[in-house]
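Everything below concerns the one structure shown next.
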Amino acid sequence: MSKDVIAIAGVGPGLGSAVARAFSQAGFAAALLARTTEATESLAAGLRDAGGEALALSMDATDAESVERAFIDIGEKLGAPNVLVYNAGRFATGRVADTTPTEFERNWRINCMGGFLCAKAALGPMLAARRGTIIFTGATASLRGGKGFVNLAVGKFGLRALAQSLARECGPEGVHVAHVVIDGQIDTPVVRRRDPGRASETLIDPDAIAAAYLALHRQDPSAWTQEMDLRPAVEPF
């Protein structure tokens, strides 16, 4: 049996990197996809130094040709992915009245359209093998909009709908599709710099999220999770 391969779209210093480490430690070859490879090259090197197999590729998740090229490269260099994690996202606060059509579309394309393009690129081999997992990273804004959140909520609502539709379309064909609502802030360097005094228990550990993603992939088909929500224990909900 060929080596398992995970493609992670949207790899930064937080959740994307944690997912890469978790799956690499589980024996996966990891394709790290981001707009630039400045950060992902060092992560890929670290995974290789630890005995894994990793590839850093530049990809614009909102551009169909860029996505297609990236997945062709992955197939040729690592093998077709049997796991896809769509973790790309963008958020710019703003009232509807102050948001330009260009800015609105840019956010929607990253938060939603990119998920469609990456899933479409990954699905062919998964459906042919009747085996695979696609995980979409969602947010609190996947479930409800809020003042100043139009640029995030609209795209995340759409990503959730995409996940639901794909799950019903592909589940009977052997492909597990799951949407994960991250209901809280992830503990990342950016968050720490912005609020250095914040208590750790109020943030979500990215390694804990990555472990949940790996568990989703390992679920038995008789009991697949389509949607999971994750939040700190102290979060009032």
Mind checking whether some residue in region 12-22 is small (Gly, Ala, Ser), modelled with pLDDT of 95 or more, under 20 Å from Ala121 (Cα atoms) and in a loop (DSSP other than H, G, I, E, B)?
-> no
The lone exception for Glu173 - which of (1) at pLDDT 95 or above; (2) in contact with a helix residue (DSSP H, G or I) (Cβ under 9 Å, 6 or more places away or on another chain); (3) open to solvent by 60 Å² or more (accessible area, probe 1.4 Å); (4) under 23 Å from Asn107 (Cα atoms) it fails | (4)
Identify all residues within region 35-53 that are open to solvent by less than 70 Å² (accessible area, probe 1.4 Å) and either under 22 Å from Gly124 (Cα atoms) or of a type in the set (Ser, Thr, Tyr) (or both); write none if there are none.
-> Thr37, Thr40
Hey, can you tell me all the residues within region 1-43 that are out of contact with any Gly (no Cβ under 9 Å at 6 or more places or on another chain), of a type in the set (Gly, Ala, Ser) and over 20 Å from Gly89 (Cα atoms)?
-> Ala22, Ala26, Ser42
Going by the conditions given, is Val175 farther than 20 Å from Ala88 by Cα and in contact with a strand residue (DSSP E or B) (Cβ under 6 Å, 6 or more places away or on another chain)?
-> yes
Would you call Met126 crowded, with 23+ Cβ neighbours inside 10 Å and over 12 Å from the mean Cα position of the chain (by Cα)?
-> yes
Is it true that some residue in region 56-74 is in a strand (DSSP E or B), among the hydrophobic types (A, V, I, L, M, F, W, C) and out of contact with any helix residue (DSSP H, G or I) (no Cβ under 7 Å at 6 or more places or on another chain)?
-> no
Would you please list the contacts, defined by Cβ atoms under 8 Å and residues six or more apart or on different chains, that run from a residue in region 188-217 that is closer than 11 Å to Pro232 by Cβ to a residue that is open to solvent by 60 Å² or more (accessible area, probe 1.4 Å) and of a type in the set (A, V, I, L, M, F, W, C)?
-> Glu201/Ala233; Glu201/Val234; Thr202/Val234
Which condition number does Asn111 fail, the rest of (1) closer than 14 Å to Val154 by Cβ; (2) open to solvent by less than 20 Å² (accessible area, probe 1.4 Å); (3) over 14 Å from the mean Cα position of the chain (by Cα) being met?
-> (3)
Which is touching a strand residue (DSSP E or B) at 6+ places or on another chain (Cβ under 6 Å) and among the aliphatic types (A, V, I, L, M), of Val190, Val154, Val150, Val180?
-> Val180
Out of (1) surrounded by fewer than 18 Cβ atoms within 10 Å (Cβ to Cβ); (2) in contact with a Leu (Cβ under 7 Å, 6 or more places away or on another chain); (3) part of a helix (DSSP H, G or I), the odd one out for Phe91 is which?
-> (3)
For region 168-214, how many residues are part of a helix (DSSP H, G or I) and of a type in the set (Gly, Ala, Ser)?
-> 6
Condition check for Arg160: assigned to a helix (DSSP H, G or I), of a type in the set (Lys, Arg) and surrounded by fewer than 20 Cβ atoms within 10 Å (Cβ to Cβ) = no
State which residue pairs qualify: first residue among the small types (Gly, Ala, Ser) and inside region 38-62, second residue open to solvent by 70 Å² or more (accessible area, probe 1.4 Å) in any location, beta carbons under 7 Å apart, and separation of 6 or more residues or different chains.
-> Ala39/Pro13; Ala54/Arg48; Ala56/Glu41; Ser58/Arg35; Ser58/Thr36
Yes/no for Lys120 being closer than 26 Å to Ile6 by Cα, open to solvent by 70 Å² or more (accessible area, probe 1.4 Å), within 16 Å of the chain's Cα centre (by Cα) and free of Cβ contacts under 8 Å to residues at least 60 places away in the same chain = yes
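The values are calculated or read from the model by the stated rules, or taken from the named source; none is laboratory data. Treat the numbers as computed from the prediction; the structure is a model and nothing was measured. Backbone-built Cβ (ideal geometry, glycine too); neighbour counts: all protein chains shown. The accessibility values were calculated without ligands, DNA or RNA, using every heavy atom of the protein model including side chains. Shrake-Rupley method; radii C 1.70, N 1.55, O 1.52, S 1.80 Å.
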